[in-house]
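> Structure provided below as structure tokens; questions to follow.
Here, each number is a calculation from the coordinates, and none is a lab measurement. What you see is a predicted model; the values in this text were computed from it and never measured. Heads up, the Cβs are rebuilt from the backbone with ideal geometry, glycines too, and the neighbour counts pull from every protein chain shown.
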Amino acid sequence: MVRITLSFLFLAWALGFLWFSVELPKPAQRLETDAVIVATGGAGRIERGLDVLEEGLAPRMLVTGVDPEVRPGFLAEDTRGNADETAEWVERNAINSLRLVTTDWHMRRAAGELHRQLPEDVRVVRDAVQSSPSLPTLFLEYHKLIASRIAGWLNL
């Protein structure tokens, strides 16, 4: 019985990792939102957020997870350095829809954590920056996603 249970868990984990690795999220369609939120840390994320602003798809931008070495003058738009303030920023700015920009391999976890913070009526458009992640990156992010989902289920 233990062997069957462990085999089932391993198969579920392996199939989940295969799905996670092969079906990476894609860039969003041209949809207007009240704001764009950029989760920093990967190539092309801030540039994509600025493109969204320039295209008129969102009037303002929040940058979360900013490295302490980024100086205030780096961006001309409204930025904040703490991802935990995201829900407060959304509420303070009366945002009903937003575009989340992050790298494709990071999108599922970032969106899940954002959904747990935001009111249910806020619409989130996922706008993934396409990349070519390495196997170690995918492996680590898959396990972070599992841990994040478990934390969400346990209300941690």
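> Just want to confirm a number: the relative contact order over the chain, from Cα pairs under 8 angstrom separated by 6+ residues, in percent.
Here the relative contact order equals 26 percent.
> If one takes the longest principal axis of the Cα atoms in the chain, at what angle in degrees, from 0 to 90 and to the nearest 10, does the Cα axis of helix 45-54 lie?
40
> Moving on to the next point. Can you tell me the Rg and the Dmax, both Å, for the Cα atoms in the chain?
According to the Cα coordinates of the chain, Rg and Dmax are 17.0, 61 Å.
> Taking other Cβ within 10 Å of each residue's Cβ, how do ILE4, ILE46 sort, fewest first?
ILE4, ILE46
> Based on the alpha carbons, how large is the Rg to Rh ratio for region 1-68 when Rh follows Kirkwood?
1.26
> Quick check for me: using +1 on Lys/Arg Cβ and -1 on Asp/Glu Cβ, what's the dipole size of the chain about its Cα centre, in debye to the nearest 20? Display every interim value, and only then the final one.
Details: 17 positive and 21 negative charges, 135 e Å.
Approximately 640 debye in magnitude.
> Oh, and also: What angle, in degrees between 0 and 90 and rounded to the nearest 10, separates the Cα long axis of helix 104-117 from the longest principal axis of the Cα atoms of the chain?
Helix 104-117 and the main axis of the chain meet at about 80 degrees.
> Along the charge dipole of the chain, which of ASN93, TRP13, GLY56 sits closest to the positive end, that is, farthest toward it, with unit charges on the beta carbon of Lys, Arg, Asp and Glu (+1, +1, -1, -1)?
Checked the options; the winner is TRP13.
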